[in-house]
Protein chains: 4
Amino acid sequence: MTRKLRMGMVGGGTGSFIGDVHRKAASIDGRIELVCGAFSSTAEKSIASGKALNLDHNRCYGSFEEMILKEKALPEEVRMDFVAIVTPNHMHFPPTKMALENGFHVVCDKPVTLTLEEAIALQELIKSSGKLFALTHNYTGNSMVKQARAMVANGELGTIRKVQVQYLQGWLSTTVETTDNKQAAWRTDPKKSGIGGALGDIGTHAENLMAYITGLEIHEIAADLGTFGAGRVLDDDGNMLIRMTNGAKGSISISQIALGEENNLAIKVYGTKGSLEWHQENPNELITRWLDEPKKVYTPNGNGLHPEALNVSRIPAGHPEGYLEAFATIYKNFAEHLTAINNGNIIEKPDYPSIEEGVRGMKFIYAAVKSDANNGTWTTL
Amino acid sequence: MTRKLRMGMVGGGTGSFIGDVHRKAASIDGRIELVCGAFSSTAEKSIASGKALNLDHNRCYGSFEEMILKEKALPEEVRMDFVAIVTPNHMHFPPTKMALENGFHVVCDKPVTLTLEEAIALQELIKSSGKLFALTHNYTGNSMVKQARAMVANGELGTIRKVQVQYLQGWLSTTVETTDNKQAAWRTDPKKSGIGGALGDIGTHAENLMAYITGLEIHEIAADLGTFGAGRVLDDDGNMLIRMTNGAKGSISISQIALGEENNLAIKVYGTKGSLEWHQENPNELITRWLDEPKKVYTPNGNGLHPEALNVSRIPAGHPEGYLEAFATIYKNFAEHLTAINNGNIIEKPDYPSIEEGVRGMKFIYAAVKSDANNGTWTTL
Amino acid sequence: MTRKLRMGMVGGGTGSFIGDVHRKAASIDGRIELVCGAFSSTAEKSIASGKALNLDHNRCYGSFEEMILKEKALPEEVRMDFVAIVTPNHMHFPPTKMALENGFHVVCDKPVTLTLEEAIALQELIKSSGKLFALTHNYTGNSMVKQARAMVANGELGTIRKVQVQYLQGWLSTTVETTDNKQAAWRTDPKKSGIGGALGDIGTHAENLMAYITGLEIHEIAADLGTFGAGRVLDDDGNMLIRMTNGAKGSISISQIALGEENNLAIKVYGTKGSLEWHQENPNELITRWLDEPKKVYTPNGNGLHPEALNVSRIPAGHPEGYLEAFATIYKNFAEHLTAINNGNIIEKPDYPSIEEGVRGMKFIYAAVKSDANNGTWTTL
Amino acid sequence: MTRKLRMGMVGGGTGSFIGDVHRKAASIDGRIELVCGAFSSTAEKSIASGKALNLDHNRCYGSFEEMILKEKALPEEVRMDFVAIVTPNHMHFPPTKMALENGFHVVCDKPVTLTLEEAIALQELIKSSGKLFALTHNYTGNSMVKQARAMVANGELGTIRKVQVQYLQGWLSTTVETTDNKQAAWRTDPKKSGIGGALGDIGTHAENLMAYITGLEIHEIAADLGTFGAGRVLDDDGNMLIRMTNGAKGSISISQIALGEENNLAIKVYGTKGSLEWHQENPNELITRWLDEPKKVYTPNGNGLHPEALNVSRIPAGHPEGYLEAFATIYKNFAEHLTAINNGNIIEKPDYPSIEEGVRGMKFIYAAVKSDANNGTWTTL
């Protein structure tokens, strides 16, 4: 059975950036359809959003609580299969918890929760619920990121010695949160964002990308965070040293005040046999360097790829795939896993981020903030 | 009313490249849903394809004739709104004609028909039918292509003097059509492809991109085509000189034996005040050069864009959009036009390629083939 | 004996662009010293230029005739070994002829002469004189160009099928020759430049680069030249189709009105096994593509190079070499050849352009002009 | 008077990398001639090297002491004007000291001395001697680096908030110092290199480039150095956090075990109004980003440059200049300064690195090593 999975959404009302991204990403591969939503804080707004999305009026709910309870009451062949949670961070845990407790699977935006405590609690909840949980660290859905991971896992780079990750943006160079910019407003508000600003918004992506590609985790971190925007309380910039579990060393640089940078997420990994480099803004190439051979550049669906990378491409080589396609890969892999389970099949190692990645991301935020508070003292995750 | 438009598809069965592209592109923006199809040459295969797409069994038809007639018999609120035709070239005209004659709008892959005669006949048919017709010259859907067009139209480049377009691929470097490669087989078969090989498959894209950006048309052409693959009868390579309607000069280079090239469509336009350059494989930047200022590089949703370019972006700057998104823009603009008409509204200049572009593309093919047959004599379109 | 060779210069007075380039290029490798010159059309100016160059007052001559005769009268261990001719085109042949006839070797800027007749006459003269003659097609001095040539010669690309060369500049986008721009004035003057404008100035470089890398020559050409600058008589733009001696096809595009382009010389070569791409403005990488392997990018002194490329680099990998270094390689190879001869040694195939390349360049100009005059008719060289 | 300046060299015998670089760089602009040298540790080798350079046999000395004393005894119009010191670090101070004390100006390779104590002593010596001293931090000689510096100084970027510098090489990825690699041998030997390995060899370049462009200095540093090569005692890798004198934050990453990297020196500077980015391996462009304008890319001799950048270019836009040319700019500016002094003229702010930069570089090394020894504690310079 390959029926489309039915998705309900929490958050993502008209004008939301990330809600629309989730909807597009979920739809690209034809495996998922949006059937209901609690898109906004009021029923009125939620209904307006749902109407614009051609949803059934009866399934545009005024709150996530209402949505979960009413959907649960629907016939199995009608009700939503899973909830996609695309709200600000402080609203990740409550709907996730309630959805799981009422038998729904969950796809949730990152960082996983507002606090580390919530993340750990959620880990238990997921385990006991037996439901699936996907965390949309979307950049790992790129074909070239899969290739990078496969090359490292295959030993082609030898032992990893050095790692550099950066995630640089400039959109908070001025204090846009004081203007009518909702995206900036909640991200700079600790009540909605948590103890990390840029750390949570983009730092967790950087940490996740590095761990996904290298298979290594950060053992300890020394952080120097910055808060450059006048009146801000959360970090909008950070420079960090890291030591990995295998002895490799490296650095992470994040910023939302790197003026003019758009979405410059990039990684370099250096091993004893080879090295690699990937840039999110130019995602369709993976640059590799070798001891005795010239630089080799891989492309999606191009020559010399591992199956993990080939599986991701939707179109022939030379036809660029971007942000939405990578995001869609998270949804596709989640959908395949859920469909397999629905059909009584088993997927051994489903390839999408989940709660472990979420907890690790929160530990990263907390360790960086703690290190910074201690003037950069090395702090273990 | 913003209901989703209902799409029926001709061609694009399981394993097809372009059928899947059309489906994904049509779905991204949530304006269109696939409701039926005649996906293959046999009812059995068509039903299998439709099933894999979660379609209603009753709406998987064995032929396009059956689809058109049976859909026409359905209630208005159920039947398809338009037909998407994604078959090889020789199967563009018959279903388009029948669809139009039975009251359906059409989206069709390029080149528009097998022959120039068909194209001209179709132009009449469309006119008399009053139905909409979109031709998927997808590359014009890129944000940076819109920006390029707007800059030229706005006079920022001054008078255009020189144009260079290239579309280079390498996938026919070896005679893969003799192996089990369906894509190669029909494209190298004049009965299915027409009198142009690479000319029709990629040359028409090059011609269309140039005309779209510059607002100029080719006045005459001198072509030197090549057929390098052993046993081939159609061109797999071509070098062409062009003279534009305004006196500008230029060249077009196309190839499917440019070994190692993936999908290297690129254009350079030089004016008396400024110049521009765009590369499809790196679509998220537009390079411009100026008499007295440094090189400026535009990015989707970045600084300094015209509304035409801003309107196209779905996500913030730095989040790359690619082939599918540009393709989707054709569908989106078509859907907006059709919805406007359904609602009694008017869109003055809908922004998607149609039959005029299709006829021009056929004239381009025919003039190039004629010039080549006359050893490169200048030939007017 | 590795004494420095003594160079006399014709042309290249203060303010000259190319004279200074020759002097710097000749000096980099420490094999050549400038000892005398007839730098300008008057003795006064010539002396002023020589003085600024710290030359002996007695060896700053008022004319090339004076220089050749007086230097010839000097003792062998003092007098110049060779003459470097860096004048406009119409002043290439007379001093070259006189230098050869008086026993001096010659290095000459390109194109080799004002007319094809002169070039053929010069070919005879050189042969009968037994003197060396180097033509400064400087771009072939790049390490990555040597690598490209070696790869083709070694059969790594298989049979060459398609070639693209372009040389695009924008500095004549406006009619700067009517302002106080000496460089533009003589280049747009047929009495000084010959029958080719951009053709001679940059077209010959494009032709030479292609022939050097591929080992192929142009069999016939179809040219569409442009003269866009108001009041100009020579071409400032050209689009050309070419057919090579081995059946390969291709195109050449040149321009000096490609606004904003600086010195964009680039080549692509496609074979049956592999392909390559090189850009003069980014000379320190050679991009190659392959049937079954990922794209490989070579760098000077990097991995995987042929000896011909390794020999050229002066500094370790990653330390960019540019225009002057490539130019210097022509002088270095010329100096090594001359030193070998002086020492009674033999160099089998000295690697610098000479009169054959010069004659071929003139034939290229003449064929292109003739084809253009015949509205693009195919014209053999 | 514009006579050529006479240079004597200490170190740089046959087979040396950097000696040849200095000689080529000194010669390019025709302002300097090599007249003597103590090229090697034995008279025999030194004479052989000098002979290969066409030097007078009598001026090939067996030691720097001999050279300085004998040159001093020569007539003023013959003897060398200055000494270029191109030995390993431990041999910088002794010849510099003796040269200064005997009335010779000095050009010296970096880092300035073996120890910080020597650097401070040298600072006094230079002051008291009244002689000129140039330190070859060659990368500041690039046109685009001058442009970057001028833009920052001119306030175009606003207040600098964030700085990233990296200098990545891979040539010590394996323990080549145990093979017959002289360059590696002395650089990994603390007796010859000092307390810094990569820190001294490339870290000081990174520090200098940053200070030159931004006009800011490092206030304190937190360093995590690595020694990955088996048996090595000095750092071959380092990740550092920095805090600048104006409150800006940033990071420095250096490595000689970043496998496959050639000479990847790069810098990013983010201000409140604009940002810039420069890469040494692609030195002929400067990328800038702005609050409200598209990305602008500057090129040498291109549009929009400050005089400081224009002054540096030797050839028209589009003709790439590289490592040697930038290096030559240091020599050129030094030569102009010395010539001015010789002629009784004054240059207010000569533009080449000197002892202040040298002392700062040594403080950088010492602070980084101290911080690393204290597990990354913030350490002031």
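The figures follow:
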{"item": "From B:Ile195, B:Ile160, B:Ile213, residue being within 12 Å of another protein chain (Cβ to nearest Cβ) and touching a helix residue (DSSP H, G or I) at 6+ places or on another chain (Cβ under 6 Å)", "result": "B:Ile160"}
{"item": "Filter pass, D:Thr179 being in contact (Cβ under 8 Å) with a residue 40 or more places away in the chain and in the same structural domain as D:Glu281 (by TED's automatic domain parsing)", "result": "no"}
{"item": "Residue match in the stretch B:355-365 (condition: in contact (Cβ under 8 Å) with a residue 12 or more places away in the chain and either of a type in the set (S, T, N, Q) or more than 25 Å from B:Ile120 (Cα to Cα) (or both))", "result": "no"}
{"item": "Selection status of D:Thr179, modelled with pLDDT under 95 and either aromatic (Phe, Trp, Tyr) or over 30 Å from D:Gly304 (Cβ atoms) (or both)", "result": "yes"}
{"item": "Residues of the stretch D:1-46 that turn out to be surrounded by fewer than 20 Cβ atoms within 10 Å (Cβ to Cβ) and of a type in the set (Val, Ile, Thr), as a count", "result": "4"}
{"item": "Test for A:His306: is it under 18 Å from the mean Cα position of the chain (by Cα), in the same structural domain as A:Val165 (by TED's automatic domain parsing) and surrounded by fewer than 19 Cβ atoms within 10 Å (Cβ to Cβ)", "result": "no"}
{"item": "So D:Ser63, is it among the hydroxyl-bearing types (Ser, Thr, Tyr), within 14 Å of another protein chain (Cβ to nearest Cβ) and touching a strand residue (DSSP E or B) at 6+ places or on another chain (Cβ under 9 Å)", "result": "no"}
{"item": "Filter result for A:Thr96 (touching a Cys at 6+ places or on another chain (Cβ under 6 Å) and either at pLDDT 95 or above or surrounded by fewer than 24 Cβ atoms within 10 Å (Cβ to Cβ) (or both))", "result": "yes"}
{"item": "Criterion violated by B:Glu308 - all others in (1) out of contact with any Phe, Trp or Tyr (no Cβ under 7 Å at 6 or more places or on another chain); (2) part of a loop (DSSP other than H, G, I, E, B) satisfied", "result": "(2)"}
{"item": "Filtered residues of the stretch C:318-356 (kept if of a type in the set (Phe, Trp, Tyr) and either part of a helix (DSSP H, G or I) or surrounded by fewer than 19 Cβ atoms within 10 Å (Cβ to Cβ) (or both))", "result": "C:Tyr323, C:Phe327, C:Tyr331, C:Phe334"}
{"item": "Scope the stretch B:354-381; condition over 19 Å from the mean Cα position of the chain (by Cα) and among the charged types (D, E, K, R); matching residues", "result": "B:Lys370, B:Asp372"}
{"item": "Any hit, the stretch B:252-260, residues being under 22 Å from A:Glu281 (Cα atoms) and either modelled with pLDDT under 95 or touching a helix residue (DSSP H, G or I) at 6+ places or on another chain (Cβ under 8 Å) (or both)", "result": "no"}
{"item": "Residues (of a type in the set (A, V, I, L, M) and in contact with a Pro (Cβ under 8 Å, 6 or more places away or on another chain)) located in the stretch D:316-358", "result": "D:Ala317, D:Ala326, D:Ile330"}
{"item": "Single residue of the stretch A:222-250 satisfying the filter (of a type in the set (S, T, N, Q) and more than 7 Å from chain D (Cβ to nearest Cβ)) that is surrounded by the most Cβ atoms within 10 Å (Cβ to Cβ)", "result": "A:Thr227"}
{"item": "Qualifying residue in the stretch A:20-37 (condition: closer than 30 Å to A:Arg314 by Cβ, away from chain B (no Cβ under 14 Å), in contact (Cβ under 8 Å) with a residue 12 or more places away in the chain and of a type in the set (A, V, I, L, M))", "result": "no"}
{"item": "Only one of B:Asp224, B:Asp180 that is within 27 Å of C:Ser255 (Cα to Cα) and acidic (Asp, Glu)", "result": "B:Asp224"}
{"item": "Any chance D:Ala367 is buried (at least 18 other Cβ atoms within 10 Å of the Cβ) and assigned to a helix (DSSP H, G or I)", "result": "yes"}
{"item": "Count of the stretch A:266-285 residues which are in contact (Cβ under 8 Å) with a residue 60 or more places away in the chain and either farther than 12 Å from A:Tyr323 by Cα or within 11 Å of chain D (Cβ to nearest Cβ) (or both)", "result": "13"}
{"item": "Residue match in the stretch D:139-160 (condition: aliphatic (A, V, I, L, M), within 30 Å of D:Glu262 (Cβ to Cβ), surrounded by fewer than 24 Cβ atoms within 10 Å (Cβ to Cβ) and in contact with a Lys or Arg (Cβ under 9 Å, 6 or more places away or on another chain))", "result": "no"}
{"item": "Of the criteria (1) farther than 21 Å from B:Leu338 by Cβ; (2) at pLDDT 95 or above, which one B:Ser40 fails", "result": "(2)"}
{"item": "Qualifying position, being of a type outside the set (A, V, I, L, M, F, W, C) and not assigned by TED's automatic domain parsing to the domain that holds C:Ile32, among C:Thr96, C:Thr136", "result": "C:Thr136"}
{"item": "Residue under evaluation C:Ile347, criteria (1) under 13 Å from the mean Cα position of the chain (by Cα); (2) free of Cβ contacts under 8 Å to residues at least 12 places away in the same chain, criterion not met", "result": "(1)"}
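The values are calculated or read from the model by the stated rules, or taken from the named source; none is laboratory data. Given the structure is predicted, the values throughout are model-derived calculations rather than measurements. Neighbour counts are summed over all protein chains in view; Cβ atoms, including those assigned to glycine, are modelled from backbone coordinates with ideal geometry.
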